[in-house]
Amino acid sequence: MIRLDKYLSDAGTGTRSTVRDYCRKGLITVDGVVSKHPEQKIDPRNMKICYCGKPVCYERDESICYMLNKPAGYISATRDDREQTVFSVMPGVDPDHFFPVGRLDKDSEGLLLITNDGALSHRLTSPRAHVPKTYEVWISGILTDIELASLREGTDIGDETRCLPAEVMILHTETSYKLTEKERECLPDSTPAVITASHVRITIYEGRYHQVKRMFHANRHEVFRLKRVSIGLVPLDPELQPGGFRKLKPEELEQLMSVKERQG
């Protein structure tokens, strides 16, 4: 799926702002119905898009998806007036044609997909898809059995519904963990330089705002480092250093393209 205004702009009908004006004037139809919503999501392969009654045909470039090992300190956006985006570490990848699939917070790191395929992005980020995403996190303190049960059964993070059950495994605990300056910035000001900490792997099946951090916070622990290590069946390539990226292999792209929305 792709936004109507982006599709028409890419097809040469006009700039995004010009296309929005065409929509307001009723000059654009989707399957014979006037569309005054430039943000409407369309599937050009299965929908007939017309401008002034004439079909707009545009063959987009092949579906391309990059795997980026996102370093901390960059935001998951195409452009920003104040912050450096992930495209700052991806020379040759044009943010006019590529965009992040979902997001990782500025201070988070790890696997981020960058694509030109709107349909793939929708397939992976749809709330109904429940695509598994696995993270390794470093948290303050040690999880109790009750807190582990809360994470595994579905944590209440203050939204209308509880989170879906997560898979959680404690990888390592340390009673004298020395925080770096950046890690301390993620914790309350009163946090000492040396703390008891845990290294945890967690798999979630949603993509709520700051979900992983909120899940641990609801269980009295703070995340001071977060790294995404897989999406679906595609793991982060261990050969990629922070800031490194490569195109997905055909079998990796096929695995992502095969994800389907779950009903119910």
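Some points to look at:
- Scanning segment 141-186 for residues that are in a loop (DSSP other than H, G, I, E, B), of a type outside the set (Val, Ile, Thr), within 24 Å of the chain's Cα centre (by Cα) and over 12 Å from Ile204 (Cα atoms) yields a total of 6.
The rows are residues; the columns are (1) in contact (Cβ under 8 Å) with a residue 24 or more places away in the chain; (2) assigned to a strand (DSSP E or B); (3) within 30 Å of Arg123 (Cα to Cα).
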{"residue": "Pro188", "(1), (2), (3)": "yes, no, no"}
{"residue": "Pro192", "(1), (2), (3)": "no, no, no"}
{"residue": "Ala197", "(1), (2), (3)": "yes, yes, no"}
{"residue": "Thr203", "(1), (2), (3)": "yes, yes, yes"}
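- Members of segment 64-75 found to be outside any loop (DSSP other than H, G, I, E, B) and either out of contact with any helix residue (DSSP H, G or I) (no Cβ under 7 Å at 6 or more places or on another chain) or not basic (Lys, Arg) (or both), listed by number: Cys65, Tyr66, Met67, Leu68, Asn69, Ile75
One line per residue, one yes/no per condition, for (1) of a type outside the set (D, E, K, R); (2) over 18 Å from Val89 (Cα atoms):
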site	(1), (2)
His210	yes, yes
Arg214	no, yes
Asn219	yes, yes
Glu222	no, yes
Ser230	yes, yes
Val234	yes, yes
Pro242	yes, no
Leu248	yes, no
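- Members of segment 91-108 that are in contact with a strand residue (DSSP E or B) (Cβ under 6 Å, 6 or more places away or on another chain) and either more than 18 Å from Val234 (Cβ to Cβ) or among the polar types (S, T, N, Q) (or both): Lys106, Ser108
- Just one of (1) over 30 Å from Lys249 (Cβ atoms); (2) surrounded by 17 or more Cβ atoms within 10 Å (Cβ to Cβ) fails for Asp21. It is (2).
- Residues of segment 153-172 satisfying the condition of being open to solvent by 60 Å² or more (accessible area, probe 1.4 Å) and under 22 Å from Phe224 (Cβ atoms): Gly158, Glu167, Met169, Ile170, Leu171, His172
- Residues (small (Gly, Ala, Ser), assigned to a helix (DSSP H, G or I) and open to solvent by 50 Å² or more (accessible area, probe 1.4 Å)) located in segment 1-18: Ser17
- Residues being at pLDDT 85 or above and open to solvent by 50 Å² or more (accessible area, probe 1.4 Å) - total across segment 24-53: 17
- The single condition from (1) under 18 Å from the mean Cα position of the chain (by Cα); (2) open to solvent by less than 20 Å² (accessible area, probe 1.4 Å); (3) within 18 Å of Val131 (Cα to Cα) that Leu226 fails is (3).
- Hey, Thr78 at pLDDT 90 or above and under 12 Å from the mean Cα position of the chain (by Cα) or not: no
- For first residues located in segment 1-14 and in contact (Cβ under 8 Å) with a residue 40 or more places away in the chain and farther than 19 Å from Pro95 by Cβ, partners that are in a helix (DSSP H, G or I) and of a type in the set (A, V, I, L, M) and lie 6+ apart or on another chain with Cβ distances below 8 Å form the pairs Met1/Ala119; Leu4/Val19; Leu8/Val19; Thr13/Val19.
Here is a yes/no grid of residues against (1) free of Cβ contacts under 8 Å to residues at least 12 places away in the same chain; (2) under 24 Å from Val200 (Cα atoms); (3) open to solvent by 20 Å² or more (accessible area, probe 1.4 Å); (4) not in a loop (DSSP other than H, G, I, E, B):
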site	(1), (2), (3), (4)
Ala77	no, no, yes, no
Asp81	yes, no, yes, no
Pro91	yes, no, yes, no
His97	no, no, yes, no
Leu112	no, yes, no, yes
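- Within segment 143-152, the residues that satisfy the criterion of being free of Cβ contacts under 8 Å to residues at least 60 places away in the same chain and open to solvent by less than 80 Å² (accessible area, probe 1.4 Å) are Thr144, Leu148, Ala149.
The values are calculated or read from the model by the stated rules, or taken from the named source; none is laboratory data. Not measured: the values here are computed from a predicted model. Here Cβ is always computed from backbone atoms with ideal geometry, including for glycine, and neighbour counts include all displayed protein chains. Surface accessibility is based on the protein's heavy atoms, side chains included, excluding ligands, DNA and RNA. Shrake-Rupley method; radii C 1.70, N 1.55, O 1.52, S 1.80 Å.
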